[in-house]
Amino acid sequence: ANHERVVMLALTDGMTGLLNRRAFFEEELPRRFVRLERNKQSAAMFYIEMDNFKKVNDTRGHQAGDEAIMMLRDLMREYSRPGDEIARLGGDEFAMWLDNIAPEVAVKRAETLIKASERLRKFSGMPEFPLGISLGIALYDPVSGELLEHLLGRSDEAMYAIKRAGKGGFRVAPPAEVDSVVRPPTGGTAPEPKPH
């Protein structure tokens, strides 16, 4: 029992109980990726970051920041299916992996999540800096032969594009260039955090 507890602690984020960055990118996704490729099923990667989160901590304190993070966790759980996987990548960054989902359904899910995230505004540090989320989507096509690392990079880039465009929305990344994809050993690593 102690061993199982230690293993669980190593895989999960202490505050939210979600998978942590390492477990998500190095263990969970590579396993799912292999299965999707074998079964020729599509998927979507949602890369999510809170908008104006630092203002919450700076003006209302870390307790309010923690409550906001827990509310976002609950929202993502509310708008996910039993087979989906959610992870806290660190700070105010999250990811959601949706297996076997059609592109139009993924977009609808993103729209719903953005709308639901308006509930986070009550935690805003300042009215002119409302707390919300920016979301990048990368759609996985098993026929493309795309690498997991490349897919993650596309979702990350789409999310930062929304940040640069004014925050509070989502963007679908351009599809993978099939010609530029190379087949390496399967495995996943997290995209490096970027300065904001």
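Cβ-Cβ distances below 9 Å connect the following pairs, each with a first residue in segment 164-176 that is closer than 16 Å to PRO130 by Cα, a second residue that is part of a loop (DSSP other than H, G, I, E, B) and open to solvent by less than 60 Å² (accessible area, probe 1.4 Å), and a separation of six or more residues or different chains: LYS167/ASN52; LYS167/PRO130; GLY168/PRO130.
When segment 129-180 is filtered for residues that are in contact with a helix residue (DSSP H, G or I) (Cβ under 6 Å, 6 or more places away or on another chain) and in a helix (DSSP H, G or I), the ones remaining, listed by number, are PRO142, SER144, LEU148, VAL178.
As for segment 174-196, it holds no residue that is at pLDDT 95 or above and open to solvent by less than 60 Å² (accessible area, probe 1.4 Å).
For segment 109-133, a residue qualifies if it is of a type in the set (Asp, Glu), farther than 20 Å from ASP58 by Cβ and over 17 Å from the mean Cα position of the chain (by Cα), and exactly one does: GLU118. Restricted to segment 24-40, and to residues there that are hydrophobic (A, V, I, L, M, F, W, C) and in contact with a strand residue (DSSP E or B) (Cβ under 7 Å, 6 or more places away or on another chain), the residue that is surrounded by the fewest Cβ atoms within 10 Å (Cβ to Cβ) is LEU36.
For segment 138-148, the condition holds for at least one residue, the condition being that it is surrounded by 15 or more Cβ atoms within 10 Å (Cβ to Cβ) and at pLDDT 95 or above.
Where helices (runs of 4 or more DSSP H) fall entirely within segment 1-113, those with at least 1 residues that are within 24 Å of SER144 (Cβ to Cβ) and modelled with pLDDT of 90 or more are at 29-39.
Applying a threshold of 7 Å to beta carbon distances and a minimum spacing of six or more residues, or different chains, the list of pairs starting in segment 56-68 at a residue that is under 20 Å from PHE94 (Cβ atoms) and ending at one that is surrounded by fewer than 12 Cβ atoms within 10 Å (Cβ to Cβ) reads ASP66/MET15.
The values are calculated or read from the model by the stated rules, or taken from the named source; none is laboratory data. All values derive from a computational prediction rather than experimental measurement. Cβ atoms come from the backbone with ideal geometry, glycine included; neighbour counts cover every protein chain shown. Remember, those area values only see protein heavy atoms, side chains included, never the ligands or the DNA or RNA. Shrake-Rupley method; radii C 1.70, N 1.55, O 1.52, S 1.80 Å.
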